[in-house]
Amino acid sequence: SRRKRLGMMLNSSHSQNHLALIDVKGFDPRDVTVIVKDGKVTVSAEHKEEHNTAMAKTCNYRKFLKEFSLPPGVNENEVTYSL
């Protein structure tokens, strides 16, 4: 299955590359921010929707935050990511 393949890829010791998969489903790529600083990677996303009708106003707000430390020896300037 796909999940099993991803698990094998994450646990592979045959590569010097490290991989982190973070699910930001439901967020537009413009809502997502990635910051690499002080040996840590912070991924955050924030989305707010407001709908006005003649009878009511509704607001939908979602926020996501995930932070993890880089493995020892990883240069912050070499960290890449894609959405």
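What follows draws every value from the coordinates through simple rules; no lab data is involved. Quick caveat: nothing in here was measured; it's all calculated off a predicted structure. Note that we place each Cβ from the backbone using ideal geometry, even for glycine, and neighbour counts take in every protein chain shown.
Which whole-Hz couplings ³J(HN,Hα) result when phi for each residue of the stretch 49-56 is put into the Karplus expression 6.51 cos²θ - 1.76 cosθ + 1.60, θ = phi - 60°, listed in order with x for Gly and Pro?
10, 10, 10, 10, 10, 5, 9, 7
Rounded to the nearest 20 debye, what is the charge dipole size of the stretch 29-70 about its Cα centre when +1 sits on each Lys and Arg Cβ and -1 on each Asp and Glu Cβ?
40
Report the full-extension gain for the segment Arg30 to Ala54: residue separation times 0.36 nm, less the Cα-Cα distance, to one decimal in nm.
The span from Arg30 to Ala54 would gain 5.6 nm if fully extended.
So for each of 53-62, 66-75, 26-35 I average, over its residues, the number of other beta carbons within 10 Å; can you give me the resulting order with the highest mean first?
The packing order, highest mean first, is 26-35, 66-75, 53-62.
Quick query: amide H of Leu70 versus all other amide H atoms, modeled in the peptide plane; which residues come in under 5 Å with a sequence gap of 5 or more or a different chain?
Lys40, Val41
Above 13 Å lies some portion of the pair distances; for the stretch 32-79, what is it as a whole percent of all C-alpha pairs?
Numbers: 737 of 1128 pairs.
When every Cα pair of the stretch 32-79 is considered, 65 percent fall beyond 13 Å.
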